[in-house]
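The values are calculated or read from the model by the stated rules, or taken from the named source; none is laboratory data. Bear in mind the structure is a predicted one, so any value in this text is a computation, not a measurement. Counting neighbours? That spans all protein chains shown, and the Cβs are built from the backbone with ideal geometry, glycine included.
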Amino acid sequence: MLGVLALPAALLAFASSFQSSDAPLSPPVRSQVKAGGYWHQGCPVGLSDLRVLTVSHWGFDGRRHTGRLIVNRTATRPLARVFGQLYRLHFPIHHMRLADVYGPSRGRPRDGDLSGSFECREAVPSPCTGGTGTGSWSMHAYGLAVDLNPVENPYVGCGQSRDPTAKLYRDRSRHRRGMVTRRVIQAFGSIGWGWGGSWSGNTKDYMHFSSTGH
């Protein structure tokens, strides 16, 4: 009888544990990424060099979710370890589904708090300087960067942000749910990735982690 009672608890513990997997981009995902302009000829990586990384994560609702992001194939295992650490920290991630990032705009979450990785684009200039491009590839264009909760972790410079709703989160001395913490920084640091919040000068990209730190 005791063994029968113990079985559901064991199954529950298994179901609530962190899980991860990765797979090549399926034909529908390839089509979605190309149709949205997130990949095109001339990008620094080919679609065959990218993988869909699936990970467990905690949401802002306190529940366990399954998130997916497209990353460089060389980063799948290291990032799986990072997200395993974030899961154990109960760090909440708002939205991390492929449809949230690459799907039609009308179907995306209205709050715009989208966590993701791959996007073939130039690095975004600092809010200090303005403009739309820098002339150099972003690490996102390689699938070697991850943005976490951009609303709670804005890109700021010279007291400005491209997102006016992020004003509440410019003060990093007051922690709010979803803001990057020291332990989150350490989790990415454990695989050699740097944080945009540690950049020198007035420009800080608090959402941004990458293999080069840029």
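Here are some conditions: (1) out of contact with any strand residue (DSSP E or B) (no Cβ under 7 Å at 6 or more places or on another chain); (2) at negative phi. Val55 meets all but one. Which one does it not meet?
Looking at each condition in turn, Val55 falls short on (1).
Restricting to region 157-182, count the residues that are modelled with pLDDT of 75 or more and either under 18 Å from Ser115 (Cα atoms) or polar (S, T, N, Q) (or both).
Qualifying residue count for the region: 8.
Specify the residue that is farthest from Gln160 (Cα to Cα); the eligible residues are those in region 171-214 that are of a type in the set (Lys, Arg) and not in a loop (DSSP other than H, G, I, E, B).
From region 171-214, those of a type in the set (Lys, Arg) are 172, 174, 176-177, 182-183, 204; that's our starting set.
Now drop any that are not not in a loop (DSSP other than H, G, I, E, B), which leaves 182-183, 204.
Details: Arg182: 24, Arg183: 26, Lys204: 10 Å.
That would be Arg183.
Any idea which of Gly84, Gly67 is assigned to a strand (DSSP E or B), of a type outside the set (A, V, I, L, M, F, W, C) and within 24 Å of Ser17 (Cα to Cα)? If you could, list the steps in order and put the result at the bottom.
Values: Gly84 fails: assigned to a strand (DSSP E or B).
Selected residue: Gly67, the only one of Gly84, Gly67 that is assigned to a strand (DSSP E or B), of a type outside the set (A, V, I, L, M, F, W, C) and within 24 Å of Ser17 (Cα to Cα).
Looking only at residues in region 200-214 that are out of contact with any strand residue (DSSP E or B) (no Cβ under 6 Å at 6 or more places or on another chain) and buried (at least 17 other Cβ atoms within 10 Å of the Cβ), which one is nearest to Asp147 (Cα to Cα)?
From region 200-214, those out of contact with any strand residue (DSSP E or B) (no Cβ under 6 Å at 6 or more places or on another chain) are 200-201, 206, 211-212, 214; that's our starting set.
If we keep only those that are buried (at least 17 other Cβ atoms within 10 Å of the Cβ) as well, we get 206, 211.
Values: Tyr206: 9, Ser211: 12 Å.
Filtering first and then ranking leaves Tyr206.
For residues in region 111-151 being of a type in the set (S, T, N, Q) and touching a residue at least 40 places away in the same chain (Cβ under 8 Å), which is farthest from Phe209 (Cα to Cα)?
Of everything passing the filter in region 111-151, Ser126 is farthest from Phe209 (Cα to Cα).
Which of the residues belonging to region 31-46 are within 13 Å of Val71 (Cα to Cα) and free of Cβ contacts under 8 Å to residues at least 60 places away in the same chain?
The answer is Gly46, and nothing else.
Does Gly197 satisfy the condition of being free of Cβ contacts under 8 Å to residues at least 24 places away in the same chain, within 29 Å of Cys43 (Cα to Cα) and touching a Phe, Trp or Tyr at 6+ places or on another chain (Cβ under 8 Å)? I'd like the intermediate steps shown before the answer.
Working: free of Cβ contacts under 8 Å to residues at least 24 places away in the same chain: no; within 29 Å of Cys43 (Cα to Cα): yes; touching a Phe, Trp or Tyr at 6+ places or on another chain (Cβ under 8 Å): yes.
For Gly197, the condition - free of Cβ contacts under 8 Å to residues at least 24 places away in the same chain, within 29 Å of Cys43 (Cα to Cα) and touching a Phe, Trp or Tyr at 6+ places or on another chain (Cβ under 8 Å) - is not met.
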